Amino acid sequence: MHRAPSRALLRALNPSTGSLICRRCLGTASSLRRNAELQSTTTRNETPQPLRKQIKEETRARKEAKRSQKSDLTSKDPRLEKWELTVGIEIHAELSTAHKLFSSAQTSLSATPNTHVAPFDAALPGTQPTFQAATLLPALRAALALNCHIQRKSSFDRKHYFWWDQPNGYQITQYYEPFAKNGRITLYKHDDIDPDDGDEITIGIKQIQMEQDTAKTVAQPPTTQLLDFNRVSHPLIEIITLPQIHSPKTAAALVRKIQAILKAVNANTTGMEMGGLRADVNVSVRDKYAQAGSATLEYAGVKGLGQRTEIKNLSSFKAVEDAIIAERERQISVLEAGGIIEGETRGWALGSTETKRLRGKEGEVDYRYMPDPDLGAVIIGDDLLIHLRDNMPMLPDESIKLLTEDPKYGLTIKDARTMVALDDGNRLDYFLETFAILDETLDKQHSARAKLGKTVANWVLHDIPTSLAATDGVFPYTALSNGNSTAPILADILLHMLRNEITTPTARHLLSILSEDPPRHIADVIDAESLRLIQMTDEEYEILAQAVVDSSDDMDAVSPSERRRH
Amino acid sequence: MQRAQKLAGEFSRRQQTLSKSLNAFIAVADEQSLTEAAERAARDTPNKPLSDTFVAVKDNICTSDFPTTCASRGLTGYRSPYDATVVSRIRAAGGVIAGKTNLDEFGMGSHSLHSAFGPVQTESGHSAGGSSGGSAVAVATDQCHVALGTDTGGSVRLPAAFNSILGFKPSYGLVSRWGVVAYANSLDTVGFFAKDSAKMKDAFSESNGHDALDPTSLTSATRKRLDTVLASRSERSKLRFGIPEECIIQELSGPVRDAWKSTLLALQKAGHEIALVSLPSLPHALSAYYILAPAEASSNLAKYDGVRYGQQAPDSPHLGPLYARTRQHGFGTEVRRRILLGAYSLSANAIDNYFMQAQRVRRLLKQDFDSLFRLPNVLSNAKNEERDSGTIDVILMPTSATLPPKIDLVKEQAPLDAFATDVFTVPASLAGLPALSVPIADQIGLQVIGQYGDDHNVLNIGEVVASLKINNRHERVANVIDVPSRSRERRAWRRNLCLIADLKSDGAQPEEGLGQRILLHVCKQQEVEEVVWPRVRHVRELCLYVGNDGLAGKRLERGAVAADRHRAVRWVDEGQGRGRAAGRVVGRGVALGAAEPEALEVEESAARVLVIDGNGRRVGRVGQGVGEGLAVGAPASAEEGAVRVDAAVWAVVIWAKVFLEDRVLESVVGLAEVGLCAKAAICV
């Protein structure tokens, strides 16, 4: 007899759960499953969830169109043929530390205002800073990740200016002797750099310094400003690149990549999205064909530059790119009209088309940098550096390399990049953990081993988010109640699936357990809900099939080939 | 307990009585509160080193039970939520806080006149000194036992000297500054006032200790190292006192010079040694201080914006935005002056020429000091073996170049004159060294300055100096000189009279540690022959004096030392034998004052005039104007020649008697006189 697919039978019997299959029909079953999957993909295309993919593709198409349009522009715009853009970037990143830079008060993101303020943070008379050595660790990890030379001895300086969010009247920073110098960062094609920059471009890091954050101002219109000193003295690092960037796109890619690296080494976890990372850009243009000597300025050892302007406080990657484009256009227009660029500080508002002058040279603040007389030098020992180097988390570039080049994982570059980029690297960790458990528990000769990496990646990147989309939930990295990783649960589900104890749809169905609090035990659920594939004899199958046929007048036996035609 | 109550009552009543006339306190407890505080201390911390000790606290040190105003209008009524570490330690040791004392606003001033609460007065109408004037007056007038002050450039030592009490500035980093309102943090040091040396030692010892809240507090590890270094030092009953020749300046007033001189003589008499030493960077110290301190002040005082605490200026459309208004309103003129000075010297265009240079001077000065002391500096990086070991135990120099001026006069002074008051106190501050001002005469103090960390030794030597019996010092000095050398005692003293070798190396390597100028003690002429001469090379100028053997004065030409040395000594003998002065003039720098024909060969370019009297008789008259205000005493026959020395700008008198008519006005002796008498001694 030609067997009808059990799925069809099942649907007729119990539309909500369960699947029945006869062991002897496994061969068919696997082909059936393929079909089912094929089918389900098609079905998904019709349901709201695949919209994601659709949107993604549309966005990509749009981007590509834009890019080609832009490159058209570039090639057509004679101005950019003549003028070369030069950009240097300063990035301020809040360090993820337990304590403030100079007091034992805790760092906090959303605590009740003014509840984490030590006497020194409020600049009470008679108080002194106490350097919290532990804040050095994330700063050093960041500096090592950016290939910096760590200065054995560094020191703190005071930068003076009056503002109500600055209780001491100065910010403590590292002006004369920063803790890290002479680093570099390499950007690749897959980091989305400007095509003109080729396959890769390396940007020098002039220095990285540690400094204090300011208080948060909460405006209460019309005239009241409330101050929250919780943020005062949060440790920051300022990363200063050399002026070696010549495209807005690459500038944005650089900021994006630095953010990813800082996240990977757990130096900064808040990113631009949460206000934990801000960028200032220095922009200048020069006439490529002008005779030597016309652009004579020099910044950080880079010679022959035009007059630069600084655009302060950019808080998104898009803002970095757009502000640089706008400022480049402005400067070229000024120069072509015979004007001169003034050294000034400019601002950029989101959504605007041009930068706005904030203050010129005459309004420049003289910060009166002075070595802080209270704080001694910071001496960094080689043993600490060796320890940190040996225990460095994997950097995004290394992770991508590992995921794509190690045959164990065998991911595509696209999946690898997505994996690394998602959720501050949490997704990658989750993937690696799940993979490691399966690698351990799955039978050595199992046929699924060859593609285990891809399988796990698909579940981690696609199936789990898809199952979440319906409930609008966050990715269930950890169980709510105890904070334990849910990776073992996922591994358990996948193990059942790969051993053919449950079907793929059942496995997907079980994903909801990841979000449960507390999560139920997988084996229990499978048993309780009768989800396990049951061994069935031919007789049993026949009885079942007969029951279905009998229960429905219009049902005939359906052959797989017919199904496929549907 | 009863004693505590009794003392509380006495002090409180005294404070009330004197509050109007002296204005030493900004805040005092009433009698009942003070008694309660005393009882509490007696109950909670009985039998402690500072039990029943009433301690006044300068009002720039935070206390939780009194306001802390820094004598600034901007901080009027400010109450610190915490006690300064030093206050906590004093309380833990049984001390009772007796009140908060008046000061120059934020510690900026030398006469305690710049206070929002009115100037500090003294019973004599003289300046109380500053900035811790209130603390000094409180101790001097028995309103408390001990007082805490802060010393940034002399703010404890100067008022101590002016009020004739002990004032101690410990090594920087020993006493915690947590809770001490910063004026210039790299210099600020908590200091102590007392009349009684034992109380002073107790207060210091109890306050001394590492504090994790103060990042500049000396670490426990360094303290241990310091203890080891101190323990390994060999005990010596004879001390060696260094006299920095750069302190011998023309501004030194007569009484201060006399007090210093007679103390030196008394020390010599007691068997101690006196050595003329050099701190070449010292003349720049005051300038460096007045760059560094205001620079740090301009930074430290930036926090007083009235936003979080303190007084905000009343709204006024004329005074500009909030910050400017508040700071204009809150700070007095002297504070504003120093903030402006500091803001300027830190500005981008000036910092290299001012702030950075001053830091360099400070480093040089530290090296200068380090090279003098026998004890190595535990903070210095140089390994002890590599270090040229110094020879002295402590430096002894005046705390102030002058007596305290009348308050009315100070008010008429230009700010720069007030700055100059600190000329002798800032060096120890810049180098972070322990310095004790010991009252040596009415309103005159001498500073004992020791190596870094040698604080207890400084306090002990202070006791030695204070215990010297120096009465009627003018007469005594004259006696010493005039008594014939038969007296054994006198002879010993005369032998100890210093042999001065004033050497200027000719750019060539000085040998065996002989630098440009050295001082050697020689007891016998033989030692001159055996010890001094063989070491002298490449000398441009040399003057030798031997006490009871008479006097040799000779200016030798470059490289001519060895050849002429016997002659130099022989001349002395001849001079004495024939009742004539020996002297010689050669080139730039002259030895003058002899009846020798050479004495007339004074060149116009002479930079030095040596006035020499070899026979103890009248050799000259006062009032021969020479060069820039110099008067040189010269033998009658040489008068003409002396007058011809009109290009002289400096005089060095080694041993001369200056006569007015036939009366001995002044006898000048010994190394301490070098330069001291340059203008003053002879131009009586």
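The values are calculated or read from the model by the stated rules, or taken from the named source; none is laboratory data. These figures come from a predicted structure and were not determined experimentally. Virtual Cβ from ideal backbone geometry, glycine too; neighbours counted across all protein chains shown.
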- Message: List pairs: first residue in region A:331-358 and over 17 Å from A:Glu321 (Cα atoms), second residue among the aliphatic types (A, V, I, L, M) and in a loop (DSSP other than H, G, I, E, B) anywhere in the structure, Cβ distance under 7 angstrom, at least six positions apart or on different chains.
- Response: A:Val334/A:Ile341; A:Leu335/A:Ile341
- Message: If the requirement is being aromatic (Phe, Trp, Tyr) and under 25 Å from A:Ala251 (Cβ atoms), which of these qualifies: A:Tyr170, A:Tyr188?
- Response: A:Tyr188
- Message: Out of A:Thr466, A:Thr471, A:Thr506, I need the residue that is modelled with pLDDT under 85 and in a helix (DSSP H, G or I). Which one?
- Response: A:Thr466
- Message: If I go through region B:45-92 residue by residue, how many of them are within 12 Å of another protein chain (Cβ to nearest Cβ), over 18 Å from B:Arg177 (Cα atoms) and either out of contact with any Phe, Trp or Tyr (no Cβ under 8 Å at 6 or more places or on another chain) or not in a loop (DSSP other than H, G, I, E, B) (or both)?
- Response: 2
- List the number of the failed condition for B:Ser287; all other conditions in (1) of a type in the set (S, T, N, Q); (2) surrounded by fewer than 20 Cβ atoms within 10 Å (Cβ to Cβ); (3) within 14 Å of another protein chain (Cβ to nearest Cβ) hold. (3)
- Is it the case that A:Ala123 is more than 14 Å from every other protein chain (Cβ to nearest Cβ) and hydrophobic (A, V, I, L, M, F, W, C)? no
- Query: Can you tell me which residues in region B:123-161 are under 22 Å from the mean Cα position of the chain (by Cα) and in a loop (DSSP other than H, G, I, E, B)?
  - Reply: B:Ser127, B:Ala128, B:Gly129, B:Gly130, B:Ser131, B:Ser132, B:Thr152, B:Gly153, B:Gly154, B:Ser155, B:Val156
- Query: Name the strands (runs of 3 or more DSSP E) wholly within region A:150-267 that hold at least 1 residues that are touching a Pro at 6+ places or on another chain (Cβ under 9 Å)?
  - Reply: A:157-160, A:170-173, A:200-212, A:216-220, A:224-228, A:235-241
- So which of B:Gly95, B:Gly107 is small (Gly, Ala, Ser), within 14 Å of chain A (Cβ to nearest Cβ) and either surrounded by 23 or more Cβ atoms within 10 Å (Cβ to Cβ) or in contact with a helix residue (DSSP H, G or I) (Cβ under 8 Å, 6 or more places away or on another chain) (or both)? B:Gly107
- Kindly indicate whether any position in region A:223-239 is surrounded by fewer than 18 Cβ atoms within 10 Å (Cβ to Cβ), on the phi > 0 side of the Ramachandran plot and touching a residue at least 12 places away in the same chain (Cβ under 8 Å). no
- Going by the conditions given, is B:Val335 aliphatic (A, V, I, L, M) and either under 36 Å from the mean Cα position of the chain (by Cα) or in a helix (DSSP H, G or I) (or both)? yes
- Query: Among the residues of region B:304-315, is there at least one that is aliphatic (A, V, I, L, M), at pLDDT 90 or above and under 18 Å from A:Pro125 (Cβ atoms)?
  - Reply: no
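For (1) within 14 Å of chain A (Cβ to nearest Cβ); (2) surrounded by fewer than 16 Cβ atoms within 10 Å (Cβ to Cβ), each residue gets a yes or a no:
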{"residue": "B:Leu301", "(1), (2)": "yes, no"}
{"residue": "B:Gly310", "(1), (2)": "yes, no"}
{"residue": "B:Ala313", "(1), (2)": "no, no"}
{"residue": "B:Leu322", "(1), (2)": "yes, no"}
{"residue": "B:Thr333", "(1), (2)": "no, yes"}
{"residue": "B:Leu340", "(1), (2)": "yes, yes"}
{"residue": "B:Lys366", "(1), (2)": "no, no"}
- Within region B:224-239, is even one residue touching a strand residue (DSSP E or B) at 6+ places or on another chain (Cβ under 9 Å), touching a residue at least 60 places away in the same chain (Cβ under 8 Å) and over 30 Å from B:Pro415 (Cα atoms)? yes
- Message: Tell me whether region B:192-203 contains one or more residues that are away from chain A (no Cβ under 14 Å), touching a Pro at 6+ places or on another chain (Cβ under 9 Å), part of a strand (DSSP E or B) and charged (D, E, K, R).
- Response: no
- Message: Residues that are without any contact (Cβ under 8 Å) to a residue 60 or more places away in the chain, touching a Lys or Arg at 6+ places or on another chain (Cβ under 9 Å), buried (at least 20 other Cβ atoms within 10 Å of the Cβ) and within 16 Å of A:Ser284 (Cβ to Cβ): does region A:312-323 have at least one?
- Response: yes
- Task: Mind counting the residues in region B:174-184 that are assigned to a loop (DSSP other than H, G, I, E, B), within 14 Å of chain A (Cβ to nearest Cβ) and under 24 Å from B:Ile97 (Cβ atoms)?
- Result: 7
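Yes/no matrix, rows are residues, columns are (1) under 26 Å from A:Leu137 (Cα atoms); (2) away from chain B (no Cβ under 14 Å); (3) more than 30 Å from the chain's Cα centre (by Cα); (4) surrounded by fewer than 17 Cβ atoms within 10 Å (Cβ to Cβ):
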{"residue": "A:Glu364", "(1), (2), (3), (4)": "no, no, yes, yes"}
{"residue": "A:Arg368", "(1), (2), (3), (4)": "no, no, yes, no"}
{"residue": "A:Ala377", "(1), (2), (3), (4)": "yes, no, yes, yes"}
{"residue": "A:Met392", "(1), (2), (3), (4)": "yes, yes, no, yes"}
{"residue": "A:Pro396", "(1), (2), (3), (4)": "yes, yes, no, no"}
{"residue": "A:Ile400", "(1), (2), (3), (4)": "yes, yes, no, no"}
{"residue": "A:Leu403", "(1), (2), (3), (4)": "no, yes, no, no"}
{"residue": "A:Asp406", "(1), (2), (3), (4)": "no, yes, no, yes"}
{"residue": "A:Arg417", "(1), (2), (3), (4)": "no, yes, no, no"}
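Per-residue answers, yes or no, for (1) in a loop (DSSP other than H, G, I, E, B); (2) in contact with a strand residue (DSSP E or B) (Cβ under 6 Å, 6 or more places away or on another chain):
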| position | (1), (2) |
| --- | --- |
| A:Val334 | no, no |
| A:Gly339 | yes, no |
| A:Ser352 | yes, no |
| A:Leu358 | no, yes |
| A:Arg389 | no, no |
| A:Asp424 | no, no |
- Only residues in region A:408-430 that are more than 23 Å from A:Glu273 (Cα to Cα) count as the first member; pair them with residues that are at pLDDT below 85 and surrounded by fewer than 19 Cβ atoms within 10 Å (Cβ to Cβ), Cβ under 7 angstrom, at least 6 apart or cross-chain, and list the lot. A:Ile413/A:His190
